[in-house]
Amino acid sequence: MIRRLIEDALTVLSWAAGLLLTLALLTLAGYLLKKGGSTLGVDLIFGDTAPLDALMLRRQVFDGLFPAMIGTLLLITGSMLIAIPVGIAAGIYMAEYCSGRVKGFFSLLFDILAGVPSIVVGLAGLSLTIFLHRHFSAQISTSLLISCLSLALLVLPYLIRTTQTALESIDPLIRRTAPALGASRLQNIIRVLLPNSISEIVGGIILATGRCAEDTAVIMLTGAVASAGLPRSIFGQYEALPFYIYYISSQYTGPDELARGFGAAILLILICAGLLLIALWMQKRLTTLLLYR
Amino acid sequence: MNRPHSFTEYIFLTAAVCSGLLTAAVFIFLFIFSLPLLQNGQLTDLLLSSWAPDKGMYGIYPMLSTSLTLACLSLAISFPVSLGCSFVITALAPARLRRFLLSMVRLMTGIPTVVYSFAALFLLVPFMRNILGQGSGMCILTAAPVLALLIAPTMIIFFVGSFEKVPRSSTLAVDALGGSEIQKLLYVMIPLAWPGILNGLLLGFGRAMGDTMISLMLAGNSASPLNSLTQSARSLTSHIALVMAFDFDSMEFKSIFVCGLVLYIFTAILMLLLRMSTLCFSGKR
């Protein structure tokens, strides 16, 4: 009897929990859309400047999100350019060459790196800047390059892990075929194993890209500022979408600016959710695409 | 057999070693920069004394206690909800709804933390201000539910994953005996999957301790010692973000590296625990 009661109560409570989570998500989406939905449009990005002029870099955009979006785009590109080669190479090493205690030690290190809070990664980037500033050149300060390096460090463990898991989960039958035909270990990796796991690796890369796009804590310590316009060089400061949202939350001067903040929040969610959906879609589709080309 | 032979293979090795060294380098940088404060006194003094820069006291106890309280509170909210959600996704809901809910949870992992806190700042903070009837409405009690929402997807996905690993022979046996879905969960899946639940809980705790934006934007950031949940408070992570603006050579600035060091060591211990529990339970089975 009591068991029956517990079972029924647990069922009801579980459904309530599911409902609560759905409601929380709907509230968030509804509230953002209500406050920022009206700002969505070309004006949100380009302000008063003609979109073509802004894109051709002929005129600066002052009251739009264009500089922040370009900043985020550069951040993503830069950090992924650094992180992808290192991450995939290290992942291959972990899956194919490493074994025993060394492997256990390395994977513990990467787990720690993956678990380190993003603000601590940002702090490491900042201390690197101070170190370079003191010992090499007084001109070095927080900049786009430092941010890219820090973000690359942030997503590095994800890339290593994805590559490693993708390679390790390959069917042993496929793994042994090429060596049996006389292929070397390296040939096997490059010609057989990597193409076979490419969808999961690319999926992991896209997830990592989303992580770069959303992270605020790292860039606020390493060079993101509220109004820099377009970054002049990789050694300059820059604007970025997540930092813009944070800045607006405390420094907005009027309802227009606040609405633009909500617009930026919607935009950032769309970018991150979009990347996530592509990653999920990739993991189903890409393997078939590449195997039957 | 496992030794690298060619140039390309040495590149793989170098990449792995460099990545490992970077993990160590982060620790070393934090340690070197917090050394001036560590030399002044004992680490325990630093951890357990209060923050009063004008009196020359740079203890981080208020931030440490805030971080722990906030993480525990949000975990207390998030754990039952996540467990309930994972029950619904694993067994209770019809197949279509299951898939929909799981995709929804996956999508939630993609929502930036800054967006959560931005929305909560204009929605939850005024609400809390009205309820409490005093202060700014920014307190631990405001930040905790938002943080709970942030860590829920991580835990749900982990729980669902560990339920799915329960061998089919066990679940089929329950079906054959005519057990209901909830009986299957309660008497078969939870007893078999609880190490996974424990690991998910640890991961959620780490995520809650490490989040910056929510406590920075919603908890109020006062560095006074923590007395009540309805009072403005500052976490370790927001302390790092806030003191950033000081002069680089000041002791205030050095203290953020101590905070970073504490967070780093906390993460390392957490990961060791995770690893030990995984090894322990996988050895048993």
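What you get for the protein assembly as shown, charging only the Cβ of Lys and Arg (+1) and of Asp and Glu (-1), is a dipole of about 1600 debye around the Cα centre. Carbon-plus-sulfur accessible fraction, chain A (probe radius 1.4 Å, protein heavy atoms only): 66%.
Ordering B:Ser235, B:Thr212, B:Ser86 by Cα displacement along the dipole of chain B toward the positive end leaves B:Ser86 in first place; charges were set at the Cβ atoms of Lys, Arg (+1) and Asp, Glu (-1).
Charging the Cβ of each Asp and Glu at -1 and of each Lys and Arg at +1, and nothing else, the dipole of chain A about its Cα centre rounds to 880 debye. Each Cα pair under 8 Å and six or more residues apart adds its separation to the average, and for the stretch B:163-282 the resulting relative contact order is 20 percent. If R0 equals 56 Å, the separation of the Cβ atoms of A:Ile170 and A:His135 corresponds to a calculated FRET efficiency of about 0.75.
What number comes out for the charge environment of B:His239, summing +1 per Lys or Arg and -1 per Asp or Glu over other residues with Cβ under 14 Å away? It works out to a net charge of 0.
Averaged over the residues of A:251-260, the number of partner chain Cβ atoms lying within 10 Å of the residue Cβ comes to 0.
Within a straight-line Cα-Cα reach of under 20 Å, A:Lys34 can be paired with the following aspartates and glutamates, leaving aside sequence neighbours fewer than 8 residues apart in one chain: A:Asp43, A:Asp256, A:Glu257. Under 5 Å between amide hydrogens, built in the peptide plane, is the criterion, and for B:Ala233 it picks out B:Ile140, B:Gly220, B:Asn221, B:Ser222 among residues at least 5 positions away or on other chains.
Working from label points 7 Å from Cα in the Cα-to-Cβ sense, the B:Ala176 to B:Ala95 distance is 2.2 nm. Every helix of 4 or more DSSP H residues in the protein assembly as shown counts as -39500 (n - 2.57), and over all residues that averages to -24500 deg cm²/dmol at 222 nm. If you run the Gaussian network model on chain A, springs between alpha carbon atoms under 10 Å, then out of A:Leu173, A:Leu109, A:Leu280 the most flexible one is A:Leu173. Around the Cα centre of the stretch B:63-284, unit charges on the Cβ atoms of Lys, Arg, Asp and Glu (plus for the first two, minus for the last two) sum to a dipole of about 640 debye. When the charge dipole of the stretch A:1-74 is built from unit charges on Cβ atoms (+1 for Lys and Arg, -1 for Asp and Glu) and taken about the Cα centre, the candidate among A:Trp15, A:Ser38, A:Ala54 whose Cα reaches farthest toward its positive end is A:Trp15. Once the Cβ-Cβ distance of A:Leu270 and A:Leu19 is raised to the sixth power relative to R0 = 25 Å, the FRET efficiency obtained is 0.45. Taking B:Leu38, B:Leu13, B:Leu30 as the candidate residues, the one with maximal mean-square fluctuation in a Gaussian network model of chain B, Cα springs under 10 Å, is B:Leu13. Ordering B:Gly196, B:Leu186, B:Ile265 by Cα displacement along the dipole of chain B toward the positive end leaves B:Leu186 in first place; charges were set at the Cβ atoms of Lys, Arg (+1) and Asp, Glu (-1).
Using the 1.4 Å probe convention, the accessible area of the stretch A:184-293 works out to 45 Å² per residue with neighbouring protein chains retained.
For the chain pair A and B, buried accessible area totals roughly 6700 Å², probe 1.4 Å, rounded to the nearest 100.
Ligands, DNA and RNA are left out, and with a 1.4 angstrom probe the accessible area of chain B is 44 Å² per residue. Between A:Ile190 and A:Asp48, the modelled labels are 5.7 nm apart [label points 7 Å from Cα along Cα→Cβ].
Per residue, the stretch A:1-151 exposes 50 Å² of accessible surface when a 1.4 Å probe is rolled over the protein heavy atoms with every protein chain present. Using Cα pairs closer than 8 Å and at least 6 residues apart in sequence, work out the relative contact order for chain B, in percent. That works out to 26 percent. Rounded to the nearest whole Hz, the Karplus-based 3J(HN,Hα) values (6.51 cos²θ - 1.76 cosθ + 1.60, θ = phi - 60°) of the stretch A:9-20 follow the sequence 4, 5, 4, 4, 5, 4, 4, 4, 5, x, 5, 4, with x at glycine and proline. Relative contact order of chain A, please, whole-number percent, based on alpha carbon pairs below 8 angstrom and at least 6 residues apart. Relative contact order comes out at 25 percent.
Near B:Ser82, once Lys and Arg are set to +1 and Asp and Glu to -1 for all other residues with Cβ below 15 Å from its Cβ, the sum equals +2. In straight-distance terms, cross-link reach from B:Lys184 covers every one of the aspartates and glutamates whose alpha-carbon lies under 20 Å from its own, apart from those fewer than eight places away in the same chain; here that gives A:Glu7, A:Asp8, B:Glu164, B:Asp175. For chain B, the longest principal axis of the C-alpha atoms and the axis of helix B:61-87 are separated by about 10°.
Looking only at B:Pro225, B:Pro53, B:Pro126, which one moves most when chain B is put into a Gaussian network model with springs between Cα atoms under 10 Å? Of the options given, B:Pro53 has the highest mean-square fluctuation. What separates the Cα centres of the stretch A:27-92 and the stretch B:120-178 is a distance of 30 Å. Solvent-accessible area of the stretch B:109-242 (1.4 angstrom probe, protein heavy atoms only): carbon and sulfur portion equals 63 percent.
The values are calculated or read from the model by the stated rules, or taken from the named source; none is laboratory data. All figures in this text were calculated on a predicted structure; none of them were measured in a lab. Please note: Cβ atoms are built from the backbone with ideal geometry, for glycine as well, and neighbour counts cover all protein chains shown. Only protein heavy atoms, including side chains, enter the accessible area calculation; ligands, DNA and RNA are left aside. Shrake-Rupley method; radii C 1.70, N 1.55, O 1.52, S 1.80 Å.
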